[in-house]
Amino acid sequence: AVVSTQSGHYGRGRAKVEQKVNTNCGVVTVNVVGDKNDNRLFPLITLHDFGFNHVTQFGSLEVSGEEASRFFNQFIIYHVDIPGSEVEAGDLAGDYPDIDDLADMIVHIRTSLNISKRCVLLGVGAGANIALRYLVKYSKTVLGAVLVEVTNDSEGWMSWTQNKLTDLVTKPSSLVSFSDRTASEHAYDLLDRHFGRANPPSLILEDFKKYALANMIQSCNVHNMVRYHQAFVARKVVQLDGADTREKPAVLVISGRQSWRNDATVEARSQLHASGHEASLLEPSPCHMFPLEEAPKKCAVAMMLFIQGLGLGLSAGLTSPTTIRETYEDDEEAITRDLSDLTHV
């Protein structure tokens, strides 16, 4: 069952409808942008990281400039809010779904919203891990995927112990039980998982952290977001070798060169490449943990090149060499390093 609860406009007059969809993970909020009856467009399904929702994760990219507009206008967009992450969500009852359940959730969304075409996936962080799981398990329904700061590992004991020891030293509130901690304490802790405990290294990230924190505390159910993070921490490695060898959708992997996830993301790209996927890599620099916010034009140009390699967006005009050169004018090395694969997807 699908319930449309809110309508409005998005970007350059495109219709936006908020829908509630019954899934294996309960009722999920999906914001649909564009005319679902426009058969020229393919579906783009977005999946956000823990501590965010579709607005805070993708909102800045969507309004960042002409290249981003060109990219998003090629699709009917299905912004999925991971259960409990939508604005003004109530407390979720029962056990929170695990990360594999969240991947299977996309099947229910596709069925309920009558998404029949092969889709493009756009996931960030934990959302990219969910997209990876769906890509492997349901490859015949995927045209391609953009995976930002994706990892394909499990939470190691060393990492877990280091986080716990740091919490005990720097955060006495960590000794308080989960249920007794305030929403603000949970919100700060979630963002620490992204930004670390030092001051953000740039004004862009400092402003983005303030924006994300205010949004979580004022508009979202932080306890639900913590449960999403816990599901991600409990993840298992995706077995790429056992995937269907007949379907290997192309993948664009994006990771900030200075990101704390960079090594793991580059390794995930290598795993995808070794398993038979065409897996291109974009590493914008200087860029720390949020490429879509720190380097939106570089990401948008790369994403546009990627989908044009899939045969989409050709009517919008090919991304010109001049545009590429202007985008990378402060990083000549990256023209070769980041885009050599993309132009041959």
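Being closer than 18 Å to G313 by Cβ and of a type in the set (A, V, I, L, M, F, W, C) is a property that does not hold for L102.
If only residues of segment 28-77 that are among the polar types (S, T, N, Q) and touching a Leu at 6+ places or on another chain (Cβ under 9 Å) are counted, the one that is nearest to M216 (Cα to Cα) is Q57. Of D91, D95, D49, all but one fail to be among the acidic types (D, E), closer than 22 Å to H186 by Cβ and open to solvent by less than 20 Å² (accessible area, probe 1.4 Å); the exception is D49.
If only one of L281, L314, L310, L292 is under 16 Å from the mean Cα position of the chain (by Cα) and open to solvent by 10 Å² or more (accessible area, probe 1.4 Å), which one is it? Don't jump to the end; show me each part of the working.
Values: L314 fails: under 16 Å from the mean Cα position of the chain (by Cα); L310 fails: under 16 Å from the mean Cα position of the chain (by Cα); L292 fails: open to solvent by 10 Å² or more (accessible area, probe 1.4 Å).
Just a single option satisfies the conditions, and that option is L281.
Would you confirm, using the coordinates I've provided, whether Y10 is modelled with pLDDT under 90, under 25 Å from A212 (Cα atoms) and of a type in the set (F, W, Y)? Answer is yes for this residue. Residues of segment 31-67 that are acidic (D, E) and farther than 20 Å from A145 by Cβ: D35, D38, E66.
For segment 190-216, what are the residues that are touching a residue at least 24 places away in the same chain (Cβ under 8 Å) and open to solvent by 70 Å² or more (accessible area, probe 1.4 Å)? R197, P201, I204, Y211, listed by residue number. Do we find that V301 is within 29 Å of R118 (Cβ to Cβ) and assigned to a helix (DSSP H, G or I) in this structure? The answer is yes for V301.
Counting only helices (runs of 4 or more DSSP H) wholly contained in segment 29-121, the ones carrying 2 or more residues that are of a type in the set (V, I, T) occupy 54-62, 99-112. Looking only at segment 245-271, which residues are within 17 Å of N152 (Cα to Cα), more than 17 Å from the chain's Cα centre (by Cα) and without any contact (Cβ under 8 Å) to a residue 60 or more places away in the chain? Matches in segment 245-271: D263, S270. Among the residues of segment 140-168, how many are modelled with pLDDT under 95, in a helix (DSSP H, G or I) and of a type in the set (S, T, Y)? Looking only at that region, the number is 3.
State yes or no: is L240 open to solvent by 20 Å² or more (accessible area, probe 1.4 Å) and either not aliphatic (A, V, I, L, M) or not in a helix (DSSP H, G or I) (or both)? Step through it out loud before you land on a result.
On the way: open to solvent by 20 Å² or more (accessible area, probe 1.4 Å): no; either not aliphatic (A, V, I, L, M) or not in a helix (DSSP H, G or I) (or both): yes.
Spelling it out, it is not the case that L240 is open to solvent by 20 Å² or more (accessible area, probe 1.4 Å) and either not aliphatic (A, V, I, L, M) or not in a helix (DSSP H, G or I) (or both).
The rows are residues; the columns are (1) at pLDDT below 95; (2) touching a Lys or Arg at 6+ places or on another chain (Cβ under 9 Å).
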{"site": "A93", "(1), (2)": "yes, no"}
{"site": "A126", "(1), (2)": "no, yes"}
{"site": "S174", "(1), (2)": "yes, yes"}
{"site": "S179", "(1), (2)": "yes, no"}
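The values are calculated or read from the model by the stated rules, or taken from the named source; none is laboratory data. Keep in mind that what you see is a predicted model, and the values were worked out from it rather than measured. In this analysis, Cβ positions are derived from the backbone assuming ideal geometry, glycine residues included, and neighbour counts consider all displayed protein chains. Side chains are part of the model used for accessible areas, which takes the heavy atoms of the whole protein and leaves out ligands, DNA and RNA. Shrake-Rupley method; radii C 1.70, N 1.55, O 1.52, S 1.80 Å.
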